[in-house]
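Inspection log for the structure reproduced underneath, given as structure tokens.
The values are calculated or read from the model by the stated rules, or taken from the named source; none is laboratory data. Computed from a predicted model, the values in this text were never measured in an experiment. Because the Cβ atoms are built from the backbone with ideal geometry, glycine has one as well, and the counts that use them run over all protein chains shown.
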């Protein structure tokens, strides 16, 4: 199943992220290496939130990521939420559906 993690950033996120960025990226790449974290990044214009895409059996994997993320632990993330993402179209869809011919 796919899950989307949505982060809402603090107003001073850009000024403070450098201190925690390497640890955040290390966490993301380790999760990617286990096949969990698929893709992630900040939403721009304005830089106030981020989307992170996971593939996991349950949201517990995403919750663990959040619990260890230095951005969350150090107040760069003001709020976060996990949403199941029912992907049905595209090469990476979790449950591909094709049109009836």
Would you call residue 91 under 13 Å from residue 2 (Cα atoms) and free of Cβ contacts under 8 Å to residues at least 24 places away in the same chain?
no
Taking only segment 31-66 into account, find how many residues are touching a strand residue (DSSP E or B) at 6+ places or on another chain (Cβ under 7 Å), over 20 Å from residue 8 (Cα atoms) and surrounded by 12 or more Cβ atoms within 10 Å (Cβ to Cβ).
4
Which residues, taken from segment 45-101, are out of contact with any helix residue (DSSP H, G or I) (no Cβ under 8 Å at 6 or more places or on another chain) and part of a strand (DSSP E or B)?
49, 50, 51, 53, 55, 78, 79, 81, 83, 84, 85
For segment 44-73, pairs from a residue that is modelled with pLDDT of 95 or more to a residue that is assigned to a loop (DSSP other than H, G, I, E, B), with Cβ under 6 Å and 6 or more apart or across chains, are 54/36; 56/36; 61/36
Counted residues, segment 5-30 - those being touching a residue at least 60 places away in the same chain (Cβ under 8 Å), crowded, with 17+ Cβ neighbours inside 10 Å and not in a helix (DSSP H, G or I)
4
